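Coordinate-derived values only; no laboratory data. Quick caveat: nothing in here was measured; it's all calculated off a predicted structure. Cβ: placed from backbone, ideal geometry, glycine included. Neighbour counts: every protein chain shown.
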Amino acid sequence: MSQNLENATAAEPPLESRRTAALRGLAYGVLLLTFTLAFFIIIMPMVIGAVPLTVLSNSMAPTMPIGSLAIVKPTEALVPHDNTITLTPDQIRPENDLSAINVGDVIVYQPYANDPTLVMHRAIKLETNWTPEGLHSTFITQGDNLSVADAPVSDYQVRGRVLYSLPYLGYVNNTLNAGEMGGKTTIAVVVAGYGLALYYLVFALRARRADNH
């Protein structure tokens with residue numbers, strides 16, 4: 001009986017080894033989480049020319065609940081374009097590429113020319129018609145959480161298409177990009193995440209070497 005107890009005790013990993021393994025796992029977890037967030041929030045939007053926008057209402061819940069981070073591919077140079085308020089529809093149309101937008105996509109549009117407020121709703125219908133000025137498109141949009149469609153959205157009002165969204169990260173985006181220090185704060189958070197992960201990893205490796213001696 002005592003021999004079996006001794007064997008069982010010897011088979012259990014020492015407390016320090018378990019602590020080392022836990023720290024190593026924590027380091028990998030923090031590193032993976034930091035890389036994943038940096039990839040989807042910073043790296044991917046930069047590569048594909050998209051911009052992050054925070055969802056401020058629940059009209060697209062549960063697909064994009066309030067506080068979500070929407071990654072938007074602009075149809076113009078910026079979302080919203082700085083000059084959009086002063087440009088006429090005929091000036092906007094030639095610069096507004098809507099070729100990638102299909103029915104079912106979530107689009108970003110500017111309801112009023114003198115107001116930079118943006119709306120993110122799903123395009124449920126596309127109507128195209130010829131006018132003396134050329135081919136014009138009109139989108140019928142509706143929030144996933146709403147029972148009534150919006151007023152028709154003209155092609156010149158569209159500012160972008162939502163590529164993907166991440167729940168709750170809109171709050172993080174607002175915090176990181178508040179004020180002039182937003183970009184520096186974002187970089188600092190990413191560096192801190194990697195630094196914390198590397199600290200845990202180095203600590204775990206040192207503890208493991210100590211266990212082996």
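Couple of notes before you dig in:
- Nearest-0.05 FRET efficiency for T138 and T54, computed from C-beta distance (R0 22 Å): 0.20
- Contour excess over end-to-end distance, with Cα ends at R19 and Y168 and 0.36 nm allotted per residue: 50.5 nm
- For V108, nonlocal amide neighbours, meaning residues 5 or more places apart or on other chains whose placed amide H falls under 5 Å from its own, are R159, G160, R161, V162.
- FRET efficiency estimate (nearest 0.05) - Cβ-Cβ, A61 to A113, R0 30 angstrom: 0.60
- For the peptides 163-170, 100-107, 112-119, 125-132, the ranking by mean Cβ contacts within 10 Å, running from highest to lowest, is 163-170, 100-107, 112-119, 125-132.
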